[in-house]
Amino acid sequence: MSAQKILQAAVDAALADFDVSNVAPETLQVVAASNPQFGDYQWNGALPLAKALKQKPRDIATRVLEKLDVSSIAESPEIAGPGFLNFRLKTDWLEQALETARQSERLGVETAETPQRYIVDFSSPNVAKPMHVGHIRSTIIGAAIVRMLRFQGHEVISDNHIGDWGTAFGKIIVGWKSELDEANLAADPIGEMERLYKLINERGKTDSAVEDAARFETAKLQAGDAENLAIWGRVRDLSQQQFDHIYSRLDISFDETLGESFYNPRLPSLVNELIEQGLARESNGAIAIFSDRQGEPKDDPFLIFTDGEWRDAPALIRKSDGASLYATTDLATLEYRIKTWQPDEIVYVTDARQAGHFKQFFAAFRRWMPAEKVRLYHVAFGMILGEDRTPLKTREGGTVKLAALLDEAVERSLAIVREKQPDLDEETAQHIAQVVGISAVKYADLSQNRASDYIFSWDKMLAMTGNSAVYMLYAYARPRSIFRKAQAEGIDVSTAAPRLTEPGEIELAKVLLRFDEALTGSLRDYRLNILTDYIYELAGAFSAFYRDCRVLDAPDDVRASRLALCDLTARTLQQGLQLLGIQTLEQM
Ligand code: ARG
């Protein structure tokens, strides 16, 4: 069990006689100490508890302390300041916990007490369009969430909710029937489909006949016209091939790929149901969901404050021409997922600009199925900006395509590898460049606070130092190379239960034993940068240890103990990176 969990259990037991019903549970948590001066962990709960019970925090802390037994793990705690409890972990507990971690496949990380079923809806690109950098964030963050939840023992269904339906198809079909360039389609399918769409879209702006034709083709498609369905099918298949190519480069797969079209047959009846239940009503020929004016206006996603008053901001679910919308499909999708899988939670990974949509759609769903307990979570992320702080663009001013971005990452990595190690054979250099390039793109994304926009920088991404993939890959390769070198020199590399005496060893041990906490902390609010920060910290702790403590030329028993620390560091780094979708290299 992690140190945090053990201390928490002890504090909870000591709190048994207190009335904590008026205190927010998160304020009663044992947390990592904000400053190593105060020890390793601290409990600040005496303050909120004192407030609720109208007593002095120090008195509360004293009473808790009287009941508290943490002797198996920590030195006797002290009360500091107004009533904080500080804990310092005992070295023999650290040694024993390290040994448990070392002997375990899972590095001592426990699986969830109550495994749950999750659906993670991520990546979800749109057909006939190249995946752009916005989809990269969803793909990378979503895949990491899936891996981490699974590692914790949860059951996860990953579902790629491809945008494969909608009015854009009418335009593509008009273009396909009149302007298709077969050679171009063979060479660059997505490029050709995008060209057709843009061409007809432009024409439609000035020529209403073209607009009408597109609407006509959409209607025919929806009515099941064989020719249009065949075109739609090809557009979808060709797009999927491109997506799959990118997924294989990123080493990402899905359990389900149920696009928007899958839910299309359900949409008309769903809209009627919502009307019958009084949830949706007619508005200017369209159908929309309005506020029920039940809650606080500021928390009501169907209201907006303009010109000094709260006005309706309804969610459209059927346009006046009968076409359905994004929200309609999302409601149908949610209904299907609940029926099919009975999930405990559904996680949607999209950019933050869709936050309004998800608020409305979640609220609409709660009104539609008030008894449903499923948790709904929108993991929103910011934009990727160029150096000029506007959304990332190509040199020509176009949107950056994901495939081109990955190519460039690998190319730049190859140049660096060749420069640093001119003697490497071609195959090894290519392999390293592949891993470094893809890892760099993933790590740069995952190490950001997901909610903020971030500035894309090749230099930072491929830097050898700092919080970058390259540094992490080195951090992993370093302990591995210690073993390799020693073996080559005929040194005994057996490991033994770690004994901690030097500060460098103790510090490294404490960081190693926080892996579980980093993982749990990271998943609490889907903040993956908590895990990357942890990995970065671990790499730093290892560097300091290796700088201060001799390993290979230490006496036999010390060497075996320190090699065990090296090995555990490498395994923890590898496991952490693997959860983020980052492959390691034995040699750099
Ligand atoms: N296709 C959408 C887009 O590219 C993302 C879909 C996300 N998932 C969902 N259930 N709405 O923006």
**Prompt:** What residues have an amide H closer than 5 Å to that of Asp351, excluding those fewer than 5 places away on the same chain, when H is modeled at 1.01 Å from N in the peptide plane?
**Reply:** Phe381
**Asked** Pulled fully out, how much extra length does the chain show between Ser543 and Met1, if you take 0.36 nm times their separation in residues and subtract their Cα-Cα distance?
**Response** 192.5 nm
**Request:** Search the structure for amide H atoms under 5 Å from the amide H of Glu78, placed 1.01 Å from N in the peptide plane, and list their residues when 5 or more places away or on another chain.
**Result:** Asn86
**Request:** Give, in nm to one decimal, the length gained when the segment between Glu155 and Thr428 is fully stretched (0.36 nm per residue of separation minus the Cα-Cα distance).
**Result:** 94.6 nm
**Message:** Per residue of segment 208-216, what does 6.51 cos²θ - 1.76 cosθ + 1.60 with θ = phi - 60° give for ³J(HN,Hα)? Whole Hz please, x for Gly and Pro, Karplus curve as stated.
**Reply:** 5, 5, 5, 4, 4, 4, 5, 5, 4
**Message:** I need the calculated FRET efficiency for the pair Arg234 and Asp321, taking r as the beta carbon distance and R₀ as 25 Å, to the nearest 0.05.
**Reply:** 0.45
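Using the Cβ atoms and a cut-off under 13 Å, what net charge is assigned to the surroundings of Arg478, where Lys and Arg are +1 and Asp and Glu are -1? Numbers along the way, then the final one.
Details: positive: Arg480, Arg484, Lys485, Arg547; negative: Asp567, Glu586.
Neighbourhood net charge equals +2.
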**Request:** Just add up the charged neighbours of Trp310: K/R +1, D/E -1, any other residue whose Cβ is under 15 Å from the Cβ of Trp310.
**Result:** -4
**Message:** Just to be sure I understand the model, the point goes 7 Å from the Cα along the line to the Cβ. What's the resulting Ser76 to Lys339 distance in nm?
**Reply:** 6.6
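For segment 367-468, which GluC sites (Glu not before Pro) pass both filters: DSSP loop (anything but H, G, I, E, B) and at most 11 other C-beta atoms within 10 Å?
Working: sites: Glu372, Glu387, Glu396, Glu408, Glu411, Glu419, Glu426, Glu427; in loops: Glu372, Glu387, Glu396.
For GluC sites (Glu not before Pro) across segment 367-468 that sit outside H, G, I, E and B with at most 11 neighbouring Cβ atoms in 10 Å, the list reads Glu387, Glu396.
Computed FRET efficiency, Cβ-Cβ of Thr394 and Ala355, R0 30 Å: what is it to the nearest 0.05? Intermediate values should be presented prior to the final figure.
Values: r = 27 Å, r/R0 = 0.91.
Efficiency, rounded to the nearest 0.05: 0.65.
Grab the beta carbon distance between Ser481 and His245, set R0 = 30 Å, and tell me the FRET efficiency rounded to 0.05. Please list the in-between numbers first.
Numbers: r = 34 Å, r/R0 = 1.13.
The value I calculate is 0.30.
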**Complete:** Given unit charges at Cβ for Lys, Arg (+) and Asp, Glu (-), the dipole magnitude of the chain about its Cα centre in debye, nearest 20, is 820
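Compute the signed sum of charges (Lys and Arg +1, Asp and Glu -1) over the other residues within less than 13 Å, Cβ to Cβ, of Tyr263.
Values: positive: Arg266, Arg337, Lys339; negative: Asp121, Asp159, Asp164, Glu256, Glu260, Asp330, Glu335.
That sum, taken over residues with Cβ under 13 Å, equals -4.
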**Asked** So what's the gap between the Cα centers of segment 309-386 and segment 80-129, to the nearest angstrom?
**Response** 30
**Request:** Compute the acute angle (0 to 90°) between the alpha-carbon long axis of helix 168-179 and the principal axis of greatest extent of the alpha-carbon atoms of the chain; round to the nearest 10°.
**Result:** 60
**Request:** Place a +1 charge on the Cβ of each Lys and Arg in segment 1-117 and a -1 charge on the Cβ of each Asp and Glu, then give the dipole magnitude about the Cα centre in debye, rounded to the nearest 20.
**Result:** 380
**Request:** Would you mind telling me the antiparallel percentage of the DSSP bridges in the chain, rounded to 5?
**Result:** 55
**Prompt:** If one computes the Cα centroid of segment 502-568 and of segment 389-416, what distance in Å separates the two points?
**Reply:** 34
**For segment 369-386, Karplus couplings with θ = phi - 60° (6.51, -1.76, 1.60), whole Hz, Gly/Pro x** = 10, x, 7, 5, 9, 3, 7, 10, 9, 9, 8, 9, 9, x, 8, 9, 9, x
**Message:** As an exercise, identify the GluC sites (Glu not before Pro) in segment 443-509 lying in DSSP coil whose Cβ has no more than 12 other Cβ atoms within 10 Å.
**Reply:** Glu489
**In Hz, Karplus ³J(HN,Hα) per residue of segment 575-585 (6.51, -1.76, 1.60; θ = phi - 60°; x = Gly, Pro)** = 5, x, 5, 4, 4, 7, x, 10, 7, 9, 10
**Request:** Starting from the Cα of Phe216, step 7 Å along the direction of its Cβ; do the same at Asn35; then give the gap between the two resulting points in nm.
**Result:** 7.7
**Asked** Check Ser283: other-chain or 5+ apart residues with amide H under 5 Å from its amide H, H built from backbone geometry?
**Response** Ala288
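Readers should treat all values here as calculations from the given coordinates under stated rules, not as data from a laboratory. Predicted, not measured: the structure shown is a model, and the values here were computed from it. Because the Cβ atoms are built from the backbone with ideal geometry, glycine has one as well, and the counts that use them run over all protein chains shown.
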